[in-house]
Amino acid sequence: MARQYNNARPKDLRYTVGKLLDYMGRHKLLLLLVAVLVTFSALANLLGTYMIRPVVNDLVDGDLDALIRGVVITACIYAVGALSSLGYTQTMVKAAQKVLYDIRRDLFAHLQTLPLRFFDTRRHGDIMSYFTGDVDTISDALNNSFTMLIQSFIQMTGTLLILFILNWRLSLFVVLGYLAMFLYIRYSGRRSKAHYSHQQQYLGELNGYIEEMVSGQKVVKVFNHEEENLEKFRARNEALRAAGEGAQSYAATMVPAVVTISYINYAIVAVFGGLLALRGLADVGSLASYLVFVRQASMPINQFTAQSNFLLAALAGAERVFQAMSQPPEVDEGKVRLARAEDGKGWDWLREDGTRTPLRGDVRFENVDFGYEEGRTILHDVSLYAKPGQKIAFVGSTGAGKTTITNLINRFYDVQKGRVVYDGIDVRDIRKDDLRRSLGIVLQDTHLFSGTIADNIRFGKLDATQEEVERAARIANADSFIRRLPKGYDTMVTSDGASLSQGQRQLLAIARAAVEDPPVLILDEATSSIDTRTEALIEKGMDGLMEGRTVFVIAHRLSTVRNADAIMVLDHGRIVERGDHEDLLKQKGMYYQLYHGMFELS
C-alpha cells in the first residue's frame, strides 16, 4: 500500500544551499570562467535573434549589400555562442568534479571522527547511499543545472528587455504569461520537494536492506526465507516507488504547463502584432524579430523546469549529506598522550605539565554504571582491577555486560557514573588515539579488508616489516595455513575473506593484534570460531603474546579461562562472583553451574 506524505519543506533549505555554495566557492575561478562563457552564449543567442529585424528589413528594402553584411554578422554571433557553449560545458565538468571530490573527502573524513554510536544506530547501506545516490544527485545538478540557471536568467532578463524595446504594448501580454508560468512552477515545486526528500530516505533504506540480504545469503538459504525476504523487499521498493512517483508526477507537469501557456501567449501576441502591423504601428522586421523572441521567451523557463528534477533531488541529497557532516564528532577532551620513554625503551603517559607515568597496563573500574540508552542501565556498580601482567576473564550469559566492559576500556562509550582508571589516570583524560594505540583488541566478529594477507595483519601496525608480520602470524599459529595458500602472505583477500574459513579469519585477527605488540590485550570471544585442536595451538602462542601484558578475556568456552588470574562472573550487569577457577568451583555458584553445564553439553 502506498504511503501518504505531507508536503513539508526540507528541514533546513537555507543551510543546505549555503553549504553547497560554500563548496562551489572553493573553485570560484573555474566557476567564474563558466559564468562568463555562459553569458557569452546567452547573449549570442539574444543578439542572433535580434539580427532578424535588420535582415528582414534589408530584404524588404532590397538592399543586397546590407543583407549580406547582416547575415555574416549573424553567423559570427552564433559561432561565438557555439564556441562559448563548448567551453563552458567542458569547464563545468572539471569544476563539478572538483566540488564532488571535496564533498566526498570531507564526508569520509567527518565520518571517521564520529562516535561508534552513530554507526551502531544506522544501516551500512544507508551510510553508503551518502556517497552514491546522494552525491550522484548533487553531481547531476552541478553538471546540468548550474549553467542552466545562469543562462536562463540572462535569457529571460534579456528577452524581456528587448521585447519592451521592440514593442512595449505587446510585452504586457508576455509579462502576464511569465507570471502564470512562475505561479505554476512555484506550486508544483512545493508539492514535489517533500517527495524528493522521502525518495532519498527510502533509497538509503532499500540499499541497506539489499546489502544485508546479499551478505547474508547463506543464512537466507539455510532457513528458506527467500519468499519472506522478497516480500520485505517489495514493501521497501513500493515505498521508494510511491515517493518517486509523487516527486516525478508534480515535476513532470511543469514542462507541459509552461509550453501550453507559451503557445497561448504566442497566439495572442501574433494576433495583436498583426493588427498593429496592418495599421502601420510596427514594421515587418520588428514584428518578425518580436515573434521569434516571444517564441523563445518560454525556452529558458522550459530549461529551468526540465532541470527542476535535478535541482529538487540534489537539494534532498545534499541535505542528507550535510546533515551527516553536521553530526557532532566524537568528543575527546583528553590531554595525556603516549610518548617514548626517556631511555628509548617502552612508553610513558606524558601529561601537559611534562610529568611522566610509565605505561604498565594497570586497569581499574571504580563503581561504574553505564547504559547505551538513557534510563536503561547495563552495568551496575562494577568495580574491578587488573594489575600489570594479569589475565582477567569475564564469563556470563549473553547480555550480561561482558563486551560492554571492554567498550568502556577503549572509550567506544563513556561511563555515566564512576570512572575507569588506566595506570592511575582516568581514561577520559587520555587522548583517544593514544589510549587505543596502547590496546590490542581481537573481536568476535572478524573484519578483513581488501588486500593481501600481509596487509591485513599489518593493519595492526602499518609500518610493520615482513619479518614482524610473519612473527605475529607464528604467534597466532596462522603461519602454517598462510604458507599453504596459493601466494602465501601475498594471497589477496576479497569479500571480507569469504574464501577463508571462519577459524582462519579469526587467526588473522589474532595475528593483527600480535603485530601491534600492545601492553593491554582484549580478547572478545577471540577463539569462539576455532575448533578445539586449533584453540589449543593458539593458546600456546597466546601465552607468549600475553606474557607481561594485562589481558582481558571474554570467553564462551570456560575451558579457555581456567588459567586466568581472576574470573569475573556477570549476571544482568553485576559482578556476582569473582576469584580464580578453583575458588569459584568451590563456591558452587553460577560459575560452577556454567562450567559443568558446558561439559554436559559436550
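The values are calculated or read from the model by the stated rules, or taken from the named source; none is laboratory data. What you see is a predicted model, and the numbers here were worked out from it, not measured in a lab. Note: ideal-geometry Cβ built from the backbone for every residue, glycine included; neighbour counts use all protein chains shown. With ligands, DNA and RNA removed, areas are computed over all heavy atoms of the protein, side chains included. Shrake-Rupley method; radii C 1.70, N 1.55, O 1.52, S 1.80 Å.
Tabulated results
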quantity	calculated
Heavy-atom SASA rank of 434, 353, 106 (probe 1.4 Å, accessible area, largest first)	353, 106, 434
Rel. contact order, % - alpha carbon contacts under 8 angstrom, at least six apart, segment 385-523	30
Principal-axis tilt of helix 226-252 within the chain, Cα atoms, nearest 10 degrees	30
Net +/- balance of residues flanking residue 584 in space, Cβ distance below 13 Å, scoring K and R +1, D and E -1	-1
Fraction of alpha-carbon pairs over 19 Å apart in segment 63-198 - percent	73
Radius 14 Å from Cβ of residue 91, net charge of other residues (Lys, Arg +1; Asp, Glu -1)	+3
Long-range HN-HN contacts of residue 359 with modeled amide H, under 5 Å	347, 348, 349
Tilt relative to the chain, helix 13-25 - C-alpha long axis, 0 to 90 degrees, to 10	90
Cα long-axis angle, helix 28-50 against the chain (0 to 90 degrees, to the nearest 10)	20
Carbon and sulfur %, accessible surface of the chain computed with the full protein complex present, 1.4 Å	57
Net charge contributed by nearby residues that have their C-beta within less than 11 Å of residue 106 (K/R +1, D/E -1)	+2
With DNA, RNA and ligands ignored, accessible area of residue 359 (1.4 Å probe; Å², nearest 10)	30
Rounded accessible area per residue of the chain, 1.4 Å, Å²	51
Peptides 380-391, 317-328 ordered by average Cβ neighbours within 10 Å, highest first	317-328, 380-391
Relative contact order (%) - segment 1-154, alpha-carbon pairs under 8 angstrom, separation at least six	34
Most to least packed among 229-235, 444-450, 293-299 [average Cβ atoms within 10 Å]	293-299, 444-450, 229-235
Value of [θ]222 nm, deg cm²/dmol, for the chain, DSSP H segments ≥ 4, -39500 (n - 2.57) each, nearest 500	-20500 deg cm²/dmol
Relative contact order %, the chain, counting alpha carbon pairs below 8 Å whose residues are six or more apart	14
Debye intensity ratio I(q)/I(0), log10, the chain, q values 0.06, 0.10, 0.11 Å⁻¹ (C-alpha model)	-0.53, -1.00, -1.13
